[in-house]
1. State the answer as a single residue: which of 54, 216, 14 lies farthest towards the positive end of the charge dipole of the chain, with beta carbon charges of +1 for Lys and Arg and -1 for Asp and Glu, about the Cα centre.
2. Report the charge-dipole magnitude of the stretch 9-84 in Debye, nearest 20, computed about the Cα centre from +1 at each Lys and Arg Cβ and -1 at each Asp and Glu Cβ.
3. How would you rank 58, 169, 200, going from fewest to most other Cβ atoms within 10 Å of each one's own Cβ?
4. Got a sec to turn the phi values of the stretch 100-108 into Karplus ³J(HN,Hα) couplings, 6.51 cos²θ - 1.76 cosθ + 1.60 with θ = phi - 60°, whole Hz, x for Gly and Pro?
5. Could you calculate the contour length gain from residue 189 to residue 160, that is, 0.36 nm times the residue separation minus the distance between their Cα atoms, to one decimal place in nm?
6. Could you work out how far apart the two model spin labels at residue 27 and residue 80 are, taking each label as a point 7 Å from the Cα in the direction of the beta carbon, and quote it in nm?
7. Per DSSP H run of n ≥ 4, the term is -39500 (n - 2.57); total these for the chain, divide by its residue number, and report the mean residue ellipticity at 222 nm rounded to 500 deg cm²/dmol.
8. Which lysines have a Cα lying under 21 Å from the Cα of residue 247, excluding residues fewer than 8 positions away in the same chain?
Amino acid sequence: MDLANRNVVYLGGFGGIGQQCVQELLQKQLKSLAIFDLMENDKILSTWQQNYPQTDIFYHKVDITKKSNIEAAYKATSEHLNGHIDVVVNGMGLMNDRHIELTIEINLLGVIHSTLTALEYMSKPKGGQGGLIVNISSVAGLQPTPLMAIYSAAKTGVTTFTRAMANPFYFSHSGVGFITICPGFTNTALLDDIDNKTTFTYRTPMHDIFPMVKRQNANDCARNLIKSIEEGHNGDVLMLELGEITKVDIPEMWKPQLEQ
């Protein structure tokens, strides 16, 4: 997808990978960019607006754990644009297994509610023009991560949900494609203070391995995420690991047996 002159919604654009992704997106000459986040960063928003005057950049406060917040933000954005939404990136995330419900609400339920709400504005039968929804999972959504079992479960849910939404029948009906992004270990605050975020409080050998795992920087991850939006196809599951993009082919483990 050519991002020039597109209307983009980014959830979670004021921190971590999201902030770097917004910076990369703004270099693509977008028509507009709506940033949904819990807290506004006035300084960063003002800087973006000054540096990229050709793009209409605006913010909506969204508590991703509240469906009503999500619906209100999309409604206001649609009215603001007086047009269509081309791309949605669901990038809000929390990694802290000590907060079980919040981990599920932010990482999985929020993505589901945002996706289904976005479809109300993007789907062709609803009056939209189609587009692309990008859901950010994790390598923990590809491979179980015992140190963070709750986070891993939520991200596995994101991967499976997004793959299901990419079903060719849905795509032909709505005109909205889906891509799953699975970043590897990335240097952001998400990985800070890990000993107080694990599933269990007691120490394991995995605690010792964790700091030894190679990490990519957020800039490389962001550049590859934008490249994935530009070059990806409906149904792609893409791992962004150590500055590289790898398409993940997930094998079919089960097929329903039909009555003859």
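Here, each number is a calculation from the coordinates, and none is a lab measurement. Computed from a predicted structure; not experimentally measured. Using ideal geometry, Cβ is built from the backbone for each residue, glycine included, and neighbour counts are taken over all protein chains shown.
1. Farthest towards the positive end: 54.
2. Working: 7 positive and 8 negative charges, 20 e Å.
My answer is approximately 100 debye.
3. In increasing order of surrounding Cβ atoms, one gets 169, 200, 58.
4. In residue order, the calculated couplings are 4, 4, 5, 4, 5, 4, 6, 7, 10 Hz.
5. On the way: separation 29, 0.36 × 29 = 10.44 nm, distance 2.58 nm.
Full-extension gain reported as 7.9 nm.
6. Going by the 7 Å Cα→Cβ label model, 2.4 nm.
7. On the way: 9 runs with 97 residues, N = 260.
Calculated at 222 nm, the ellipticity per residue is -11000 deg cm²/dmol.
8. 155, 214, 227
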